[in-house]
Amino acid sequence: MLGYLEDLPPLRAEALALALLALITWVDYATGYELELFVFYSVPVALVAWYVGRRAGVAFALAAAACWYLSDRLGGHPYSSAFRIYWETAMRLASFVVTALTLSAIREGSRQREDLLHLVSHDLRLPLGVMAGQAQLLRKHGGGSPFAVARADAILRSARGMERMIDDLLDGARFRARKLRLDLELLDLVAWLPPLLERMREALEVDRLDLCLPPGPVLVRADPARLERVVLNLLSNSLKYSPPEERVRLSVSAAPAGGAALTVSDRGPGIAEEDRPHLFERFHRGKAGADRDGVGLGLYGASLLVAAHGGRIRVESAPGAGATFVVELPPAHLG
């Protein structure tokens with residue numbers, strides 16, 4: 001039912017609201033004033049205001065108030081004074097209209113933010129693609145100059161980082177709107193990680209990583225592209241905060257009850273106790289990150305993608321002792 005309501009077309013929303021309004025009015029007329037069905041009249045009003053818009057919502061608010069008035073009049077419900085039914089109808093009408101205006105405004109604001117986010121991300125991807133393409137040409141035709149290759153690699157890393165930020169913003173909007181869709185498949189983390197790290201050489205200092213894998217396969221059901229972003233965000237975060245001479249450890253282990261754990265450990269400055277509860281919040285920058293590049297989206301995006309897989313992410317850290325991020329994924333058969 002919830003999946004059906006997520007993208008309910010306006011005409012179907014209006015038809016459903018009309019059916020609900022008719023049913024509620026009949027129940028109100030048949031059962032009497034004692035049940036006080038006032039709150040149920042708000043349901044079709046809210047449905048239309050959310051899925052159709054402000055005008056339709058206000059129209060249904062008027063219809064709901066009229067239906068309530070008619071059910072009481074035709075049912076012959078007693079009132080202590082003739083004025084009372086008009087007063088109650090006016091109050092109900094006011095509450096219905098406020099409900100319609102509030103919900104339609106919230107929905108319209110949400111749609112505008114989503115449209116703006118998609119427009120900005122679309123307009124940013126084109127110049128980013130051009131930058132990455134030119135950097136690859138510079139790397140290929142730079143005459144073998146170490147300086148040219150280093151500059152091209154720096155441009156590519158920056159372009160990849162901006163692409164990840166755009167993806168994190170988009171997936172965050174989709175997750176909040178319950179529109180994030182995963183392309184799940186059976187994945188052996190032991191076989192999947194080594195080639196992934198090779199592909200990440202343009203974006204990460206892969207030579208500073210220690211990969212620790214168990215001897216046998218570790219199976220999960222995951223979206224490879226989204227899980228790749230989780231790993232990339234965690235590794236880039238740990239490499240950024242670790243001293244250049246320190247190494248970062250990426251390990252995989254099978255959980256006793258099924259599932260798997262991906263662990264990223266660094267020897268950086270650690271995370272202050274007051275920062276830990278807010279570490280996975282959007283745009284949060286801790287004390288250790290105040291003087292570093294970034295906008296605070298990497299860990300936020302990683303936490304959303306892990307949650308979308310049905311897993312969880314946690315951190316173990318102490319100031320001056322580095323940080324360990326653990327991604328726990330559910331068993332393959334639960335995906």
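The values are calculated or read from the model by the stated rules, or taken from the named source; none is laboratory data. Being a predicted model, the structure only gives us computed values, none of them experimental. When we count neighbours, we look across all protein chains shown, and the Cβ atoms used for this are built from the backbone with ideal geometry, even at glycine. Each accessible area value is taken on the protein alone, full model and side chains, heavy atoms only, with ligands, DNA and RNA left out. Shrake-Rupley method; radii C 1.70, N 1.55, O 1.52, S 1.80 Å.
So here's what we get for this one:
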quantity	calculated
Neighbourhood net charge (14 Å Cβ-Cβ; Lys/Arg +1, Asp/Glu -1) for L138	+2
Calculated P(r) tail over 18 Å for segment 89-221, as whole % of Cα pairs	73
FRET efficiency for L184 and A15, using Cβ-Cβ distance with R0 set to 51 Å, rounded to 0.05	0.90
Of the GluC sites (Glu not before Pro) in segment 220-279, those whose Cβ has at most 16 other Cβ within 10 Å and which sit in DSSP loop	E245, E246, E273, E274
Carbon and sulfur %, accessible surface of segment 157-221 computed with the full protein complex present, 1.4 Å	52
Cα→Cβ-extended label distance, 7 Å offset, between A307 and Q112, nm	2.6
Gyration tensor (alpha-carbon) shape descriptor, segment 136-280, a/c threshold 1.5	rounded
L11 accessible area, assembled protein chains, probe 1.4 Å, Å²	140
Per residue, in Å², the accessible surface of segment 187-254 once ligands and nucleic acids are set aside, probe 1.4 Å	43
Overall Cα dimensions of segment 156-204 - principal axes, largest extent first, Å	34, 31, 10
Solvent exposure ordering (accessible area, 1.4 Å, most first) of W68, W50	W50, W68
